[in-house]
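Note sheet for the following structure.
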Amino acid sequence: MAEQLIGVDIAPPDLVAKVTGRAKYAEDFRAEGMVFAKLLISPMPHARVRRIDARRALAMEGVVGILTADDITPVDAPGEACLTMEPLYQGEPILAIAAVDETTAANAIEAVNVDLQPLPFALDPLQSLRPGGADARTEGNTYVRTQESRDFQSLKWPRSVFDDAPPGTLPMGEPQTEWTIGDVDAGFADAAVVIEETLSHQSLTHHPMEPRSTMAYWQNGKLYIHTSTQSVARTQAAIAAQMDLELDDVVLIGEYCGGGFGSKITGSPIMLVPAFFSRKLGRPVMMRINRYEEHYVGRARPGFQAWTKMGFRSDGRMTALDLYIVQDHGPYGLSGDHNSAASTASLTYQPENMRFRGVTVYTNTPPRAAQRAPGGGAIVAMLEPLIDKAARELGVDRVDIRMINAPADNEAWMGANQRPLTSNFVRRAIRIGADQFDWAAKRQLSGQRQGTKATGVGIGVSPYSGGSSGFDGLIVIRPDGRLYIHQGIGNLGTHSFADTARVAAEILGMNWRDCQVIWGDTSQHLPWSSVQAGSQTTHAHTRANHAAAMDALAKLQQIAAMDLGGSPSDYMVDEGRVFRRANRSRGLSFARAAERAIELGGRFDGHELPEDIHVMTVGSATGLAGQGLMGVAKDNYGGEGAIQSWVVGFARVEVDVETGHVELKEYLGSADCGVVLHPRSLAAQIHGGAIQGFGMARSQKWVMDPKWGAGFANRFYTARPPGILDVPLEMDWVAVGEPDPQSPVGARGIGEPPLGAGAAAITSAIADALGGQCLCRTPLTTDVILAALEGREQPFSILDAHV
Amino acid sequence: MAVIRDMIPAFELFQPTTLQDALALLAEYGDEGWALAGGLDSFDWFKDRVKRPTAVVDLAGIESLRGVRPWGDGIEIGAMTTLTDVIENEDVQSRYGLLREAASHVATPQIRNAGTLGGNLCQDTRCWYYRSGWPCYRAGGNTCYASAREAMNREHCVMGARRCVAVNPSDVAPALIALDAQMVIAGRRGERVVDAEDFFIGPAIDITRMTVLKPGEVLTSVRIPPDYAGATFYFEKVRDRQSWDFALAAVATAMVTSGGNIQRARVAVNGVAPYPVRLENVERVVAGRPVSEETAEAGGAVATDGAKPLRHNDYKVALLENLVRRSLRGTEA
Amino acid sequence: MDFWRRAPNPWSQDVLLGVSWDLMWAAAIAGVAFIVAHALWSKVRAGPGEDGGGAPGSPGSGAGASGLAARVLRHSLTSRLFHWVMAASMLVLLVTAFFPVLGLRFDWVSVHWIAGVVLLATIVFHVVHSTVVRNWRTIWIDGSDVREGTAELKHFITGQGHPPGKTGKYATANKAFHHAAVVVGLGAIVTGVLMMFRIDTVFWAANPYILGDGMWGVVYVVHGLCGVALITMTAAHVYFAVRPDKWWLTRSMIKGWITREEYLTHHDPQKWAPEVGEGATGASAGSAADPAAVA
């Protein structure tokens, strides 16, 4: 019997390269004649470039050229180009200079004179919404999409909206987005307890370990680009589209990605600088992004200024949820974190009635992008302590109140569209998590004091999207008897590029040592794939590889039946052979079958392809045709409903009441993500995501000077992602493991939900340690907690942004 | 001029093996020279091109600046001794646990392996306005951006401000003040010794410097007398993250007790003023009193006399009072 | 030598920070050079054994000479007090401004602004006093002063023209110095008051943003220029005060009076007749200190 490949720990094939340093990331590549580029970034939060004088720079020895916004393909607003003549945030790249070495390029940048005309700027959405408040963009401060039109708008609320809001309460003017399910007023009328709070959540940079460095060169009209990206196939497509190239004319190499968290889904605009620059210069261009630049061009999670009102019946059931979110959008694009927050809240609590109102406002702050559980992670971190508050007031156990509100099955609803789910076992996740955490005992510790330390225990229920479908699988069994699994997804450290490949090996009864995953280089014939984001990959590509493997299996059986008689269904596979069920010795090796496939040609070796596969897969399969027995298919398994995974976090903290210091004593994450593909990898997601959540909940934020629009949290030590000493010694996990019935493998993605679970468990636990006092803001830094404990004025108002 | 960050420009590196050579080089290059210890502060400045010396004098090769040696009944620690070596030294561990504790709260193990005692003491402030290369008073300009009404000054000072509101970030400085240490300074004109508390200067005296070191001078060693060896020690540093973060406030207290009474105590704090502050009023209040919660309360109550918080750092007043109070309870940390 | 200190502001715009401290040295050197040159030239012009200051004339019997007391009141006690308080605050301002630049470190800012406030107060008093109580015209330059001054300067330098004649209460050079002091002092004070907004004082909390960067640069430059000019002017003023030929004037600033002979030698009673009323007022004011001043 071939080894079991699903549900067991198997080291991914890139492990040795990573730990020995042999793995080559984008900035490790070199090419003949390569030059280095450096960026000139805007010192102002909003300005117009009046004049660029680069004569002194270009005269420097070793400098080979300059790239400005005039040299690149324009991008339609509100899209973001890689260089601009109207920077919309401090740190936005204006131009690049290339030189034979990086130091010369940097020195040349210092010699450039850019004459900038400062323009009005806005850092805080609420300030921009005030009458007379500055708009972040010359076109307006928001973008309105209706069925008839889409355009910028300068949205201002009447002064009365602000004057009528008591201090520390969110002013709520006309929203941009609004939906209602049921009747919230009726829901509140039904409620035994109503809770109303203003909430805030600060923006924070992604700060993956690897900054988004890129090296690019052109050969025979083709662009070769080494970049740091989460997805491979989809980044190739994105680059081709942005550079007006045919897909075939882009070769993307990105075998390793040192973290993305949503900031590099299909790379990011800055990766195009070396692409355009190398085309202009006719030389390879390397542009290494340093940590400082990464802060600016590296994407960030949007901040929220929010308000909620929740009603609960005496048994804890949520009768109504009213939510208003003002989202800090940054200067570009169309981000919908606020919408995700609303739909996540609806899914988590299944309120009987709900209203959501939201506004998203452009600001002159670094660009936003999805960050691990966008919207959802932030909203559960904000709302879970309020669920606790309701439970306390009602005398309901905090686990029970979550059980009663969590959806019981897949007939749950989420968001305005009220879609059901493919499957859902969150209540089981809550229960097994509570058991393993020993909630019954731990809740007794709630509020207990030992010296100056007050204990708090918390829970965070966090759903997020866990899949997509309809992508292609592409595998080849070559005459060497090995299985080559081509993966168009990326390798951002989650193991899914290998874990999802094992589905194909398992179906074909192969040992993992006889398999090879091909990934990270689009010249290696990769199939059309999902973006490596939104926790789609595990779901999407277990299915796609399943489909491809089933196709290969059928072909193996057909070849065996042709050569050895009987019908295809008489044959089965194991240990690299296809053989008769009744007589194991009567069969073919895969090596032989591959040779036969080549001899037979047609659909067996990829010369004939299914009609429904993506054009990219067609190209790749065509390139591989004739090399062996090909399994190629689109995931047509279908399915109904939203694909959602869950993690329920349980945390115990100790808050020092004299210093505001919080120590995380233990954490447990309980997951509902279908079949567990790879336990160790799942643990890494549950724990790693939670740690990222700890950072969001406790320490990470931007700090910007409002006078100059300049940011200070632009280094690791000022951005404050959690360090190892901020992580509890005891971290545990457990998973429901119930297969998703709508997927052949039954696995759902799990990248996103751990973040919200970690963050919410901490905000809930801290509120518990403070005797149920919800500070209603993230991050809950030491000063915020101490000010609350001491009854002093908070360092900042709850509605202050970037403080 | 456009700004480049995170990229060290070229400089001439000197690696002298004697103190005399180092001092001669520093004298020769004057304002263009820079004495380099572990580099944790220096390289930040160089990388951001805010400070651009043309000659860097690396003190790492000067053997006489390393190591812990007896000094009378006390000890003398070479300024270039790494923080890890300080932490692991037996004398420091057994007699001067306060210093050990303070040093072990610096940043991360990697940084402590490279960072030196002298470097930690002489490091510049982390005020982000100043570090951003803005022309503030400390940088020779006319403005304190951090004290402006709208400024981000959560991490700035609550006492000792004079135009500049930055704080001293050193963790070991308050411990050495509490231990009544002395700083040995070498210059071209010879050696001078100053008390630890006088080593640090505030912006009132010189807004561009953190210590009394004049250009061309080098801190060579720290002498710790036996007076507080083996005393009751307390060190605590409160920070947003538990590694690689600077103190929001830190306290270092050394108490000599007898029969349950505090005979004498030295209390120093950092992260709250532009220089580490010795709290003599606290020392006076607690001297001669029993080790008790009441004494701790009394000490804590006067710890913030004269404190004047900025717009966003009022919490530091409470934090400082609480830290001082905790440090006087007689339980070690 | 640099004239300005410049730096990029947070938006990388090149802004003025102030004058270069090189100018401090330039001003000091200019002051010393003036003193040396003046002293030497005075010697040269006067010939051996005589001081160059010279006496403008003999104590002839002018129209107003009759009835003069032996001592004529020149500066009332109020005026003298004003002068010396102002001088003290000015000296404190200069010391607190420039000694730290020289490397002498002390907590200078508070002393500096407090001295500035004192100076401002004395000047406000002086303006009111000299316009309401005294006759401000005595110090004001008019057309004849310009003609006389030019001729005297020409005489001092080249020997042509004519030597200083008898003057009103203040000689043209005195008036010119006062005018310069008004301009420079006013510049320093107005800019100084603005600069006080940048520090915490008893009056207000610091606010560096009441003016833009560019305007602040101008304020600092004006303050700096006035400051360094005051170095030169103070040096020159002190020099004249200690010159033997000017001692009678210095004494009058201490004691209030000049002798009748000095009055008749240096002053034209047509231009400055110490009125009885004035003299009496001054006398009574100065009487405690100096009964001899009473006519």
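Where a number appears in this text, it was derived from the coordinates with a stated rule and is not lab data. All values derive from a computational prediction rather than experimental measurement. As a convention, Cβ positions derive from the backbone with ideal geometry for all residues, glycine included, and neighbour counts pool all protein chains shown.
What the Cβ-Cβ distance of C:Trp4 and B:Ala301 gives, at R0 = 60 Å and to the nearest 0.05, is a FRET efficiency of 0.75. The modelled label-to-label distance between A:Met1 and B:Glu293, using points 7 Å beyond Cα along the C-beta direction, is 6.5 nm.
The GNM of chain C, with springs linking C-alpha atoms under 10 angstrom apart, assigns the highest mean-square fluctuation among C:Pro164, C:Pro274, C:Pro244 to C:Pro244. The Cα atoms of the stretch B:250-322 define a convex hull whose projected area, averaged across directions, is 4.5 nm². Near A:Val64, the amide H atoms lying under 5 Å from its own belong to A:Ala98, A:Ala99, A:Val100; only residues 5 or more places off or on other chains count, and H is placed 1.01 Å from N. Computed 3J(HN,Hα) for the stretch A:600-606, one whole-Hz value per residue from the Karplus formula 6.51 cos²θ - 1.76 cosθ + 1.60 where θ = phi - 60°, is 6, x, x, 6, 5, 10, x, glycine and proline marked x.
What does the charge count near A:Arg372 come to, summing +1 for each Lys or Arg and -1 for each Asp or Glu among other residues with Cβ under 10 Å from its Cβ? Net charge around A:Arg372: 0. Taking the convex hull of the alpha carbon positions in the stretch C:150-251 and averaging its projected area over all directions gives 9.5 nm².
For the stretch A:31-119, the relative contact order works out to 50 percent when only alpha carbon pairs closer than 8 Å and six or more residues apart are counted. Taking amide H as placed 1.01 Å from N in the peptide plane, the amide H of A:Gly674 sits under 5 Å from that of A:Gly737, A:Glu738, A:Arg748, each at least 5 places away or on another chain. Once you divide the Cα radius of gyration of the stretch A:683-792 by 2.2 N^0.38 Å, the number left is 1.33.
Taking every DSSP beta bridge that has both ends in the protein assembly as shown, the antiparallel portion is near 80%. Size descriptor for the stretch A:472-634, Kirkwood hydrodynamic radius: 15.3 Å (Cα pairs only, one decimal).
Rounded to the nearest 20 debye, the dipole size of the protein assembly as shown about its Cα centre is 3180 debye, using +1 on the Cβ of Lys and Arg and -1 on the Cβ of Asp and Glu.
In chain B the longest region clear of GluC sites (Glu not before Pro) that are loop-assigned by DSSP and have at most 15 other C-beta atoms within 10 Å covers B:151-331. For the pair the stretch A:405-429 / the stretch A:723-751, the C-alpha centres are spaced 18 Å from each other. Distance from a point 7 Å along Cα→Cβ of A:Ala192 to each backbone N in the stretch A:404-444: keep the residues under 16 Å and list them by number. Once the point is set 7 Å along Cα→Cβ of A:Ala192, A:404-405 turn out to lie under 16 Å by backbone N, inside the stretch A:404-444.
Modelled this way, with points 7 Å down the Cα-to-C-beta line, the labels at C:Ala180 and C:Ala28 are 1.9 nm from one another. A cut-off under 15 angstrom between Cβ atoms defines the neighbours of A:Ile239, and their net charge, with Lys, Arg +1 and Asp, Glu -1, is -1. Among A:Ser496, A:Ser128, A:Ser149, a tally of other beta-carbon atoms within 10 Å of each Cβ gives an order, fewest to most, of A:Ser149, A:Ser128, A:Ser496. Amide H to amide H distances under 5 Å link B:Ile262 with B:Gly288, B:Arg289, B:Val291, where only residues 5 or more positions off or on other chains count and H is placed in the peptide plane.
The ranking of C:Trp247, C:Trp25 from fewest to most other beta carbons within 10 Å of each one's beta carbon is C:Trp247, C:Trp25. Sequence-ordered 3J(HN,Hα) estimates for the stretch C:96-105 from the Karplus curve with 6.51, -1.76 and 1.60 and θ = phi - 60° stand at 6, 6, 9, 4, x, 5, 6, x, 8, 8 Hz, glycine and proline given as x.
Estimated from helices alone, the mean residue ellipticity of chain C at 222 nm is -19500 deg cm²/dmol (sum of -39500 (n - 2.57) over DSSP H runs with n ≥ 4, per residue). Loop-resident GluC sites (Glu not before Pro) (DSSP state other than H, G, I, E or B) in the stretch C:183-284 with no more than 15 further Cβ atoms inside 10 Å of their Cβ: C:Glu275.
Hey, what did chain C get for relative contact order, percent, Cα under 8 Å, at least 6 apart? Show your work: numbers first, answer last.
Numbers: 357 pairs, mean separation 100.5, N = 295.
Result for chain C is 34 percent.
Peptide B:129-142 has a mean shielding of 5, counted as Cβ atoms of other protein chains within 10 Å of each residue's Cβ.
As a size descriptor, the averaged projected area of the C-alpha convex hull of chain B was calculated at 16.3 nm².
Considering every alpha-carbon pair of the stretch A:1-157, the percent of pairs per 5 Å bin, from zero through the bin containing the longest distance, is 2, 8, 12, 13, 12, 10, 9, 8, 8, 8, 5, 3, 1, 1, 0. Spread over its residues, the convex hull of the C-alpha atoms of the stretch A:31-119 is 96 Å³ per residue. Our note on the geometry: Cα centres of the stretch B:78-121 and the stretch A:243-296, 43 Å apart. If the chain linking A:Phe716 and A:Lys24 were pulled fully straight, counting 0.36 nm for each residue of separation and taking away their Cα-Cα distance, it would gain 246.8 nm.
Remark: the A:Ala441-A:Gln418 segment gains 4.5 nm on full extension, using 0.36 nm per residue and subtracting the alpha carbon distance. FRET efficiency for the pair C:Val36 and C:Ala205, taken as 1/(1 + (r/R0)^6) with r the Cβ-Cβ distance and R0 = 51 Å, rounds to 0.60. Ranked for footprinting exposure by Cβ neighbours inside 10 Å, fewest first, C:His267, A:His607, C:His126, A:His486 give A:His607, C:His126, C:His267, A:His486. Using 16 Å as the cut-off for backbone N distance, which residues of the stretch B:12-52 belong to the label zone defined by a point 7 Å from the Cα of C:Asp14 along Cα→Cβ? Nothing falls inside the zone, counting backbone N under 16 Å. Taking each DSSP H run with n ≥ 4 as -39500 (n - 2.57) and averaging over every residue of chain A yields -8500 deg cm²/dmol at 222 nm.
Positive contributions from Lys and Arg (+1) and negative ones from Asp and Glu (-1), summed over other residues with Cβ under 12 Å from the Cβ of A:Arg680, come out at -2. In the protein assembly as shown, the C-alpha radius of gyration followed by the widest Cα-Cα span (Dmax) gives 39.3, 153 angstrom. Per residue, the convex hull spanned by the alpha carbons of chain C comes to 169 Å³. Each label point was placed 7 Å from the Cα along the Cα-to-Cβ direction; for B:Gln110 and B:Arg284 their separation is 4.7 nm. With 19 Å as the limit on Cα-Cα distance, the pairs of A:Lys24/A:Lys280; C:Lys169/C:Lys255; C:Lys166/C:Lys246; C:Lys169/C:Lys271; C:Lys43/C:Lys255 that go past it are A:Lys24/A:Lys280; C:Lys43/C:Lys255. Given the rule -39500 (n - 2.57) for each run of at least 4 DSSP H residues, summed and divided by the residues of chain B, what is its mean residue ellipticity at 222 nm, to the nearest 500 deg cm²/dmol? So the helix-based figure for chain B works out to -7500 deg cm²/dmol. Give me the distance between the Cα centres of the stretch A:93-145 and the stretch A:482-532, rounded to whole Å. A separation of 41 Å, based on Cα centres. Taking the square roots of five times each eigenvalue of the Cα gyration tensor of chain A, the equivalent ellipsoid has semi-axes of 43, 37, 22 Å, listed largest first.
Compared with the direct C-alpha span, the chain from A:Glu411 to A:Arg56 gains 121.1 nm at full extension, assuming 0.36 nm per residue. Under the criterion of Cα pairs below 8 Å and six or more residues apart, the relative contact order for chain A equals 16 percent. Here the stretch A:406-558 is treated as an ellipsoid with the same Cα gyration tensor; its semi-axes, largest first and in whole Å, are 42, 19, 15.
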